[in-house]
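Quick notes on the structure that follows.
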Amino acid sequence: MLVKTLDDLLAEDVSGRGVLVRSDLNVPLDDDGAITDPGRIIASVPTLKALSDAGAKVVVTAHLGRPKGGPDPKFSLKPVAAALSDELGRHVQLAGDVVGSDALARSEGLTDGDTLLLENIRFDPRETSKDDAERLALAKALVELVGDDGAFVSDGFGVVHRKQASVYDVATLLPHYAGTLVAAEVKVLEQLTSSTERPYAVVLGGSKVSDKLAVIEQLAQKADSLLIGGGMCFTFLASQGVSVGKSLVQPEMIETCAKLLDTYADVIHLPVDIVVADEFKADSPPETVTADRIPEDKMGLDIGPGSVKRFTTLLSNAKTIFWNGPMGVFEFPAFAAGTKGVAEAIVAATEKGAFSVVGGGDSAAAVRALDLPDDGFSHISTGGGASLEYLEGKTLPGLEVLES
Ligand code: ADP
Ligand code: MG
């Protein structure tokens, strides 16, 4: 990627200069509003710390959840500001609005090295507007907070596939730089797509085939083996004429899956056994059956031990591995063994020198929830949708705009 990076910006003197940073601080919250996984906050710290250390006046913009077109206290960045202060080791102020009078007053009051977090950017409906002029107007208001000699650092990798005001339009108005997180994520994805060492194994799971069809089609062409588990494996099994009981199936995708299996017969591997249960419940008693013997009244909630063994063999000699999507409903301990087993096989291959990348929000959450070592993988991506779209070969607006 031919873009200027944070190092280029730091090489200029940023002391006293306003720098707008788009970070991805979209962390999961529990019912009481407490952060359950601070991964994205932690990943955002290096860029913010470097700018603050260099004496910049740092204005951070980010989103949280999907507020419906206006301020909603449920989606306030308040808990994020507190957690970010802890991680940065210095106070982060939170503006009471996005680009309103409080944000403006606070940005004018910043002294060198200070950090100001703006309220949830999606409280302003112009952020995600399809109307170019509306987005540009919000981008201009953001630019006002850092002044005419300001700079923009794009560090929210999880949103670079979105053409939004704080991701795309601001970069058209200010000198722009890729932050350390965006630069690191892109480097890993470039390595996956251009200098792929073989054998290349891809593990795909998660809930729906339709979410991942484009990436399945792309990666089936590139990979030496494509291992499919999770909810999506049942549409593939159904396409082979196997009865899948009450398992998650997308009937409209059956024909597409049959074609994929036909075209990539040597590449695609399906589970040989399945852990089934009566209901989608944590305490529904599990039972393992062969993949072609799923009873009519049961649903598949995980891949079985025979499948884990087979997938482990296929992963053991891989030199490059990409994993997206849990193998089962890992949130229920009785149905987490498939995900854990496959993840352990990836960790083992990584220890033997494979380059392994985990993409996908739920997959990254599974790594942490199942107590797998974070450093057991070469890279855990912070952006599910963004990394999938990159691997599909799509142009990501938030990256493309940094190139010009
Ligand atoms: P990621 O965020 O890693 O891309 P997805 O969002 O596609 O992954 O899917 C994750 C979800 O898929 C998890 O919440 C998991 O419970 C669910 N899932 C996995 N296997 C099954 C299954 N057999 N039936 C229903 N849901 C499943
Ligand atoms: Mg997900």
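For Leu301, which of the numbered conditions (1) assigned to a helix (DSSP H, G or I); (2) more than 16 Å from ligand 2 (Cβ to nearest atom); (3) in contact (Cβ under 8 Å) with a residue 24 or more places away in the chain fails to hold?
(1)
For the range 371-381, give me each residue that is more than 13 Å from ligand 2 (Cβ to nearest atom) and not in a helix (DSSP H, G or I).
Passing the criteria: Asp371, Leu372, Pro373, Phe377, Ser378, His379, Ile380.
Out of all the residues in the range 341-358, is one or more open to solvent by 10 Å² or more (accessible area, probe 1.4 Å), under 25 Å from Leu248 (Cα atoms) and within 12 Å of ligand 1 (Cβ to nearest atom)?
No, there is no match, as no residue in the range 341-358 is open to solvent by 10 Å² or more (accessible area, probe 1.4 Å), under 25 Å from Leu248 (Cα atoms) and within 12 Å of ligand 1 (Cβ to nearest atom).
Could you tell me which numbered condition Gly383 fails, if it satisfies all but one of (1) touching a strand residue (DSSP E or B) at 6+ places or on another chain (Cβ under 6 Å); (2) surrounded by 24 or more Cβ atoms within 10 Å (Cβ to Cβ); (3) not polar (S, T, N, Q)?
Here Gly383 meets the rest and fails (1).
Return the total of residues in the range 94-136 being acidic (Asp, Glu), touching a Phe, Trp or Tyr at 6+ places or on another chain (Cβ under 8 Å) and under 18 Å from Val153 (Cα atoms).
The number of residues fulfilling the criteria is 0.
Restricting to the range 343-370, name every residue that is within 16 Å of ligand 2 (Cβ to nearest atom), in contact with an Asp or Glu (Cβ under 8 Å, 6 or more places away or on another chain) and either modelled with pLDDT of 95 or more or not in a helix (DSSP H, G or I) (or both).
Selection gives nothing.
Residues that are in contact (Cβ under 8 Å) with a residue 40 or more places away in the chain and basic (Lys, Arg): does the range 95-115 have at least one?
no
In the range 319-336, how many residues are within 12 Å of ligand 1 (Cβ to nearest atom), of a type in the set (Gly, Ala, Ser) and open to solvent by 40 Å² or more (accessible area, probe 1.4 Å)?
Of the residues in that region, 0 qualify.
Here is a yes/no grid of residues against (1) of a type outside the set (Phe, Trp, Tyr); (2) within 16 Å of ligand 2 (Cβ to nearest atom); (3) surrounded by fewer than 19 Cβ atoms within 10 Å (Cβ to Cβ); (4) free of Cβ contacts under 8 Å to residues at least 24 places away in the same chain:
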position	(1), (2), (3), (4)
Tyr200	no, no, no, no
Gly206	yes, yes, no, no
Leu226	yes, no, no, no
Ala238	yes, no, no, yes
Val249	yes, no, no, yes
Met253	yes, no, no, no
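If the requirement is being assigned to a helix (DSSP H, G or I) and under 30 Å from Asp30 (Cβ atoms), which of these qualifies: Lys340, Lys309?
One residue alone meets the criteria, Lys340.
Being within 22 Å of Gly241 (Cβ to Cβ) and either in contact (Cβ under 8 Å) with a residue 40 or more places away in the chain or not polar (S, T, N, Q) (or both) narrows it down to one of Ala282, Ala291, so name that one.
Step by step, each of Ala282, Ala291 is checked, and only Ala291 is within 22 Å of Gly241 (Cβ to Cβ) and either in contact (Cβ under 8 Å) with a residue 40 or more places away in the chain or not polar (S, T, N, Q) (or both).
When you go through (1) open to solvent by 60 Å² or more (accessible area, probe 1.4 Å); (2) within 17 Å of Ala171 (Cβ to Cβ) one by one for Leu145, which number turns out not to apply?
Here Leu145 clears every test but (1).
So if I check each of Ala82, Ala139, which one is aliphatic (A, V, I, L, M) and open to solvent by 50 Å² or more (accessible area, probe 1.4 Å)?
Ala82
The values are calculated or read from the model by the stated rules, or taken from the named source; none is laboratory data. Note that the coordinates shown come from a computational prediction; the quantities given were computed from them, not determined experimentally. Here Cβ is always computed from backbone atoms with ideal geometry, including for glycine, and neighbour counts include all displayed protein chains. Surface areas here come from the heavy atoms of the whole protein model, side chains and all, with no ligands, DNA or RNA. Shrake-Rupley method; radii C 1.70, N 1.55, O 1.52, S 1.80 Å.
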